[in-house]
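Undergrad: Please read through the structure below; I'll follow up with questions.
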Amino acid sequence: MKRLIAIITTLITIVAVVVITLLFASQCIIPGICAAKSTFNASTILDKVQNLSSLTTTRYSFSTIVTVQSDMPGLLQTLYGQKQVVVAVGYITAGIDMTQVQVQNATVGDGFTLTLPAPTLQDCILDEGKTYIAALERGIFAPSNPTIDQESRRFAVQQLRQSAIDGNILVEAQTQAQVAVSDFLELVGVPNVQIDFAPASPNTPLPESCV
């Protein structure tokens, strides 16, 4: 019986020593006995977030009615003018160009400051499967005008784009980008990162699909 008690006591002692050693190792209390910890610097953090490339965070879907007609006086419009009504359906996306991210060491403490570029529009797309010509009127002597359809679609894209901006798509894109990047950094184990955004520039060019 005494032998059994001695064995159990020995096992309990061994387990206790292992647990305490692991606890100290996780806190690096005992020199030379530390659990491996990932270390990060500005360069490694930059590499990780730039792997996200272009981060699309927000998509707005819209529909609008667009009317395009020839700019002519009343009688000439009746004789030579054209009028086209288009029901336009499409979507606008906005997000962050992660290749423009900057990382600096924090001015206070051991963390980092991650500065993301201001969100921008990324795509303005008409859904050709749902966009259609609702009405087309031609004057008695109106020549064929194939550009009127192009003009209608271009004007529709402009309206969709403005509707998205007025609907605060860029504000929402910034909010969603901050959440997405924070979650990503937490997932890859990067601690103590403050996320900021660069101010938006009024001279930022629009993507070709949004012009």
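Undergrad: Based on the inverse mean of 1/r over its pairs of different Cα atoms, what is the Kirkwood hydrodynamic radius of the range 39-210, in Å?
TA: 18.9
Undergrad: Would you please put 116-124, 159-167, 185-193 in order of how densely packed they are, using the mean number of other Cβ atoms within 10 angstrom per residue and starting with the highest?
TA: So the order, starting with the most tightly packed, is 116-124, 159-167, 185-193.
Undergrad: Taking the number of other C-beta atoms within 10 Å as the exposure measure, put Tyr60, Tyr132 in order starting with the fewest.
TA: Listing Tyr60, Tyr132 from fewest to most nearby Cβ atoms yields Tyr132, Tyr60.
Undergrad: Tell me, Phe141, Phe112, Phe155 in order of fewest to most beta-carbon neighbours within 10 Å?
TA: Phe141, Phe155, Phe112
Taken together, the values in this text are just the output of simple stated rules run on the coordinates, not laboratory data. Note that the coordinates shown come from a computational prediction; the quantities given were computed from them, not determined experimentally. We place every Cβ from the backbone using ideal geometry, glycine too, and count neighbours over all the protein chains shown.
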